[in-house]
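Here is the structure we will look at, set down as structure tokens.
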Amino acid sequence: MPFALVKIVFSILMLCYTFLALPLKAQNDIYVDKNGVMRWERDSVALTGFGVNYTLPFAHAYRAADSLGVKHEDAIDEDVYHFARLGLDLYRIHVWDTEISDTLGNLLDNEHLRLLDYTVAAMKRRGMKIVMTPIAYWGGGWPEPDTPTPGFSGKYGKDASLTHPEAIKAQERYLNQFLEHVNTYTGSAYKYDPDVLAFEISNEPKHDEPIEDVTDFIDRMVSAMRETGTGKPIFYNMSHSIHLVEGYFNADIQGGTFQWYPTNLLAGHELKGNYLPNVDQYSIPFEDDERFKSMAKIIYEFDPADIGASYMYPAMARSFRTAGMQLAAQFSYDAAFMAPYNTEYGTHYMNLPYAPEKALSLKIAAEAFRNVPHYEDYGIYPDNTQFGDFRVDYESDLAEMVTATKFYYTNNTEAQPSTPDQLESIAGFGNSTVVNYEGRGAYFLDKIETGIWRLEVMPDAIWVRDPFEKISFKNKVAVLNWRQWEMQLNLPDLGENYIIEAINDGNAHTTALENGSFSVKPGTYLLKSENNAAKLQPNSEWETMVLNEFFAPETSLETTVVQHDAPRAITKGRKLEVKADVFTKEEANDVYLQVLHVGRSGRLPMKRTSGYTYEVMIPDTLVHEGFLEYHIVVKAGGKQQTFPKGNEGQPGDWDFYDESPYKVRVLPENEPLYLFSAHEDASKLIWQWQPGVTAGAFATAQPGRDEFRVALDSIPKQGTDELRHYAMRYYFGENIAGRQHELHSKTKLILHGRSDDQEGLPVEIALIMKNGTAFGGTVMVTRGADDYEISIDALTQVKLVNLPRPYPDFLPYYFEGKTQSFSIDQIEMLQIGIGAEIAEDELDALHFMAIESIRLE
């Protein structure tokens with residue numbers, strides 16, 4: 001049956017279901033038991049759901065589709081197909097009430113509401129459940145300026161909406177009408193829709209009224225919703241204004257909603273380093289309160305913002321389950337047509353075609369969330385990196401799930417499924433013991449029946465810019481390349497000879513096994529064992545999909561892209577290994593490295609080692625004290641380009657004008673090793689934005705001798721307790737990559753800086769290892785720029801500050817892991833702390849310090 005016809009039939013069936021179910025207790029299909037567990041009324045089974053927020057019917061995403069000439073419905077169908085591909089089963093949205101209501105709270109039957117209906121229907125067709133937050137209080141502008149909207153929140157704003165009598169009446173009217181609204185595509189009112197699990201009244205309300213008024217406000221909202229006849233659980237946000245938690249406990253709600261941004265938001269660049277300590281646990285201050293224990297718990301938004309790596313999501317899912325969460329939704333999935341630009345929420349980045357490793361991590365997290373037992377505790381990091389069938393590994397940037405029937409992984413892995421002949425589902429990126437593939441896209445293998453597998457291959461994803469930097473439709477952060485690669489499979493039931501048939505529309509690629517492998521391009525294929533006579537139609541239904549379904553944007557790689565980070569400094573007389581990813585539409589004709597000022601002897605051919613990766617070794621005879629300068633030259637597609645700039649031509653041409661080579665400082669052995677230099681690194685230093693703190697880089701009178709200055713009008717309180725401390729963090733792993741072998745010869749950690757404290761400001765300097773353990777000591781920084789040193793042998797294990805500060809801010813300030821031993825060859829981050837040893841009567845005084853550099857000698 002064609003999928004378009006499936007949609008129509010589904011809509012008719014849903015309409016019939018709605019009318020048949022209304023006289024029954026369809027509105028009471030879920031209840032919350034005395035232990036705070038949501039259960040299905042039909043069989044008392046506990047709910048779980050894991051998915052995404054997705055905003056295309058509203059705001060920036062809606063406008064972007066119009067401006068880019070994209071049909072909204074097509075974009076929704078394509079993205080929701082990918083949700084099914086990732087095994088997601090939950091959709092949460094905070095509805096832009098300001099776009100679908102008037103100032104009196106009347107629901108407006110407009111295009112935004114219609115597209116919300118369409119999106120919900122599309123989710124339902126894929127077997128997904130829904131949590132709806134009818135009120136967002138947001139304007140519709142972000143990241144653009146707000147524009148006028150007709151709704152009550154546009155008139156009153158968030159603060160007044162919580163207190164103004166007319167605004168409260170408008171919300172009552174709006175909530176009532178929203179729940180009564182009948183979905184255009186399903187025929188089911190939201191109040192009774194069997195796939196709507198729960199309602200959250202509003203998104204992130206921030207109360208500052210008396211407790212009694214907060215309870216009264218919530219109860220009025222609940223009453224307006226209950227008047228519709230719905231019996232679904234109703235939730236309220238508890239992670240904002242937690243000082244009013246008594247008001248939430250006293251209200252007529254069945255549960256609380258929470259969010260988690262463990263690396264905060266809006267760093268402005270990709271965060272590097274190990275952030276597993278930041279997600280070790282999700283601690284709620286009132287988790288032991290008996291009233292809270294009887295309430296259900298939802299994570300309405302979460303994301304390790306500004307992290308491009310793939311190891312975080314399953315660890316978060318584990319911590320959510322330990323905290324008792326039953327539903328969780330990542331914020332926010334980027335519609336595929338916007339994902340090349342990441343304009344919607346630049347601090348997040350989630351999309352299957354353009355961020356395949358992260359998307360696969362989300363798929364594994366969904367499995368973890370559904371399979372980790374409620375409230376199960378796996379200990380503290382690093383003991384909890386292996387939990388059940390799941391594993392996360394920071395150093396390998398790997399998350400994986402290995403069971404008898406499922407094998408999922410986000411990066412190259414050596415994990416071995418115990419029973420390969422029982423595998424039914426595989427999803428991965430890179431190479432494993434089951435799949436060898438050099439492409440840069442995700443792939444999925446699903447066993448349809450014995451001897452028949454469905455293979456789906458996504459195009460190669462290439463990040464051409466840091467996706468977390470300032471965003472614009474004028475600059476792409478990622479492109480795709482539909483390139484052909486070899487694939488080799490180890491699936492026993494396919495045998496040594498099997499047939500590969502392309503089945504998605506427009507896929508004319510023909511291929512066959514040769515020496516155990518076959519060529520493959522993006523698309524969907526059926527793999528059939530040699531003796532299998534089964535007749536499957538490409539448009540046959542399978543689970544929530546059709547066999548020949550496929551969607552991926554077309555190739556957008558327009559020119560050669562070279563990604564290579566030259567080391568900041570290396571040691572004289574040592575050879576240098578150079579790796580570069582060279583992205584071309586088809587395999588390059590030639591790639592070589594040209595060392596400057598050497599001539600033909602400095603032209604070194606680069607060898608393709610796998611996929612797009614090329615390598616070469618610069619011999620020690622070319623590494624002289626001063627600077628090593630080189631270009632990478634690529635011949636591909638009839639063009640010759642020289643990098644890092646990518647100009648046409650090559651060194652040696654009479655008119656070659658590229659004067660910006662890769663440049664590496666070459667130093668004698670035993671020179672100081674700089675971990676942080678304000679002149680070069682200040683923009684990547686993580687510091688806490690909060691009242692009473694000013695910080696930033698400032699130029700001094702000496703060129704190249706900038707300072708990072710921090711002024712505190714008092715040492716700030718952290719979280720909900722009386723802890724007084726201020727901390728900063730910097731990832732220096734890439735700075736020392738070329739001199740790693742020198743670390744064991746260093747004996748002193750030295751801060752060069754100054755303070756305004758006549759008696760000296762105690763400053764803790766710590767080195768953080770790759771395992772998340774910090775070792776440090778304290779120096780007294782006085783007036784006048786000077787060196788302040790600590791012996792490496794004197795460093796002791798200190799508390800690791802969770803930086804950037806997690807949100808909500810009631811989460812732990814420190815991560816206190818197990819006692820570890822120090823290994824200098826494992827260091828990769830700095831932690832700088834102020835406050836731990838300041839006298840109590842000085843905590844509220846003004847404190848100032850400036851850091852020019854931190855180095856090892």
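Just need log10 I(q)/I(0) for the range 616-685 at q = 0.17 Å⁻¹, Debye formula, equal scatterers on the alpha-carbon atoms, no solvent, rounded to two decimals. Summing over Cα pairs of the range 616-685 leads to -0.85. For Val781, the residues whose amide H sits under 5 Å from its own are Leu761, Val763, ignoring neighbours fewer than 5 places away on the same chain, with H placed 1.01 Å from N.
Averaging the Cα positions of each part gives two centres, and for the range 437-516 and the range 387-405 these lie 22 Å apart.
Rounded to whole numbers, the Karplus 3J(HN,Hα) couplings from phi for the range 852-857 are 8, 6, 9, 9, 10, 9 Hz, using 6.51 cos²θ - 1.76 cosθ + 1.60 with θ = phi - 60°, and x at Gly and Pro. Per the Debye formula on identical point scatterers at the alpha carbon atoms of the range 747-857, with no solvent, log10 I(q)/I(0) at q = 0.10, 0.16, 0.18, 0.20 Å⁻¹ is -0.31, -0.78, -0.97, -1.13.
When the inverse distances between all different Cα atoms of the range 274-394 are averaged and flipped, the Kirkwood radius reads 15.1 angstrom.
A compact globular protein would have a Cα radius of gyration near 2.2 N^0.38 Å; the ratio found for the range 575-637 is 1.14. When the convex hull of its Cα atoms is viewed from all sides, the range 404-548 shows a mean projected area of 10.2 nm².
Once the C-beta distance of Met780 and Thr184 is scaled by a Förster radius of 60 Å, the resulting FRET efficiency is 0.30 to the nearest 0.05. Excluding ligands, DNA and RNA, the accessible surface per residue across the chain is 39 Å² with a 1.4 Å probe.
Using the alpha-carbon positions of the range 436-484, Rg (one decimal) and Dmax (whole number) come out as 15.7, 50 Å.
Each Lys or Arg adds one and each Asp or Glu subtracts one; over the other residues with Cβ under 15 Å from the Cβ of Pro691, this totals 0.
Take Arg608, project a point 7 Å from its Cα along the Cβ direction, then tell me which residues of the range 542-564 have their backbone nitrogen under 18 Å from it. Under cut-off, by backbone N: 557-564. Distances between placed amide hydrogens fall under 5 Å for Glu270 paired with Phe468, all partners being 5 or more residues away or on another chain.
Under Stokes-Einstein, with the Kirkwood radius over Cα pairs as Rh, the value for the range 175-288 at 25 °C and 0.890 mPa s is 149 µm²/s.
Between the residues Tyr349, Leu604, Tyr657, the greatest Cα displacement towards the positive end of the dipole of the chain, with unit charges on the Cβ of Lys, Arg, Asp and Glu, is found for Leu604. Taking θ as phi - 60° and the Karplus parameters 6.51, -1.76 and 1.60, the scalar couplings of the range 368-377 work out to 4, 4, 7, 10, 6, x, 4, 6, 5, 10 Hz in sequence order, x denoting glycine and proline.
Run lengths n ≥ 4 of DSSP H only: what is the helix-derived mean residue ellipticity at 222 nm for the chain, with -39500 (n - 2.57) per run over all residues, to the nearest 500?
On the way: 13 runs with 142 residues, N = 857.
Rounded to the nearest 500, the figure is -5000 deg cm²/dmol.
Under a 5 Å amide H cut-off, with hydrogens placed 1.01 Å from N, Tyr807 pairs with Tyr261, Thr263, Asn264 among residues at least 5 apart or on other chains. Of the residues Ala251, Thr186, Asn548, the one whose Cα sits farthest toward the positive end of the charge dipole of the chain, with +1 on the Cβ of Lys and Arg and -1 on the Cβ of Asp and Glu, is Asn548. Charge tally for Gly451 (other residues, Cβ to Cβ under 11 Å; Lys, Arg +1; Asp, Glu -1): -1. Computed log10 I(q)/I(0) for the range 74-209 at 0.13, 0.18, 0.22 Å⁻¹: -0.57, -1.02, -1.34, from the Debye equation with unit scatterers placed on every C-alpha and solvent omitted.
First obtain the Kirkwood hydrodynamic radius of the range 758-821 from its Cα pairs, then insert it into the Stokes-Einstein equation at 20 °C and 1.002 mPa s, and state the resulting D in µm² per second as a whole number. Please list the in-between numbers first.
On the way: Rh = 13.5 Å.
Translational diffusion coefficient: 158 µm²/s.
In the range 374-473, a dipole from Cβ-located charges (positive for Lys and Arg, negative for Asp and Glu) runs towards its positive end, and of Ala415, Ser425, Val464 it is Val464 whose Cα lies farthest in that direction. Counted by Cβ distance under 10 Å from Lys748, the other residues give a net charge of -2, where Lys and Arg count +1 and Asp and Glu count -1. Based on the Cβ-Cβ distance from Glu395 to Ser44, what FRET efficiency comes out when R0 is 41 Å, to the nearest 0.05? Given R0 = 41 Å and the Cβ-Cβ separation, E is 0.40.
Using 0.36 nm per residue, how much length does the chain from Lys572 to Ser556 gain when fully extended, once their Cα-Cα distance is taken away?
Working: separation 16, 0.36 × 16 = 5.76 nm, distance 4.15 nm.
Length difference between fully extended and current span is 1.6 nm.
When the accessible area of the range 267-334 is split by element with a 1.4 Å probe, what percent falls to carbon and sulfur? Please report the intermediate quantities before stating the final value.
Numbers: 560 of 1310 Å².
Carbon and sulfur together cover 43 percent of it.
Shown here: the range 211-341, whose C-alpha atoms stretch 46, 37, 23 Å along the first, second and third principal axes, sorted largest to smallest. Entry note: the range 76-118 has Rg to Rh equal to 1.11, where both radii use alpha-carbon atoms and Rh is the Kirkwood radius. Work out the FRET efficiency for Glu734 and Ala839 from their Cβ-Cβ distance, taking R0 = 45 Å, and round it to the nearest 0.05. With R0 = 45 Å, the Cβ-Cβ based efficiency is 0.70.
Taking the highest mean first, how do the peptides 694-703, 643-652, 347-356, 503-512 order by number of other beta carbon atoms within 10 angstrom per residue? Display every interim value, and only then the final one.
Details: 694-703: 11.6, 643-652: 15.9, 347-356: 25.0, 503-512: 13.4.
Packing order, densest peptide first, comes out as 347-356, 643-652, 503-512, 694-703.
The dipole here belongs to the range 293-382: it is taken about the Cα centre, uses +1 on the Cβ of Lys and Arg and -1 on the Cβ of Asp and Glu, and is about 340 debye. Dividing the C-alpha radius of gyration of the chain by 2.2 N^0.38 Å, with N its residue count, gives 1.00. Per-residue accessible area (protein heavy atoms, 1.4 Å probe) orders Asp825, Asp303 as Asp825, Asp303, starting from the largest.
Solvent exposure of Lys635, expressed as accessible area, is near 60 Å², computed with a probe of 1.4 Å over the protein chains only. Distance from the Cα centre of the range 767-806 to that of the range 588-631, in angstrom? A separation of 38 Å, based on Cα centres.
From the alpha carbon centroid of the range 44-96 to that of the range 716-754 is 41 Å. In this rough spin-label picture, where each label sits 7 Å from Cα along the Cβ direction, the Arg665-Ala701 distance is 2.4 nm.
Our estimate of slack between His564 and Glu111, defined as 0.36 nm per intervening residue step minus the Cα-Cα distance, is 158.5 nm. Dipole magnitude for the range 192-259: about 200 debye, using +1 per Lys or Arg Cβ and -1 per Asp or Glu Cβ, origin at the Cα centre. Residue by residue, the range 202-210 carries 3J(HN,Hα) couplings of 8, 9, 6, x, 10, 7, 9, 9, x Hz when phi is fed to the Karplus relation 6.51 cos²θ - 1.76 cosθ + 1.60 (θ = phi - 60°); x denotes Gly or Pro.
About the Cα centre of the chain, what is the dipole size in debye to 20, counting +1 per Lys and Arg Cβ and -1 per Asp and Glu Cβ, all else neutral? Show your work: numbers first, answer last.
Details: 76 positive and 124 negative charges, 303 e Å.
The dipole of the chain has a size of about 1460 debye.
Placing pseudo-labels 7 Å out from each Cα toward the beta carbon at Lys34 and Asp213 gives an inter-label distance of 3.7 nm.
The values are calculated or read from the model by the stated rules, or taken from the named source; none is laboratory data. Treat the numbers as computed from the prediction; the structure is a model and nothing was measured. A quick note on method: Cβ atoms are made from the backbone with ideal geometry, for glycine too, and the neighbour counts reach across all protein chains shown. These accessible areas exclude ligands, DNA and RNA; they are computed on the full protein's heavy atoms, side chains included. Shrake-Rupley method; radii C 1.70, N 1.55, O 1.52, S 1.80 Å.
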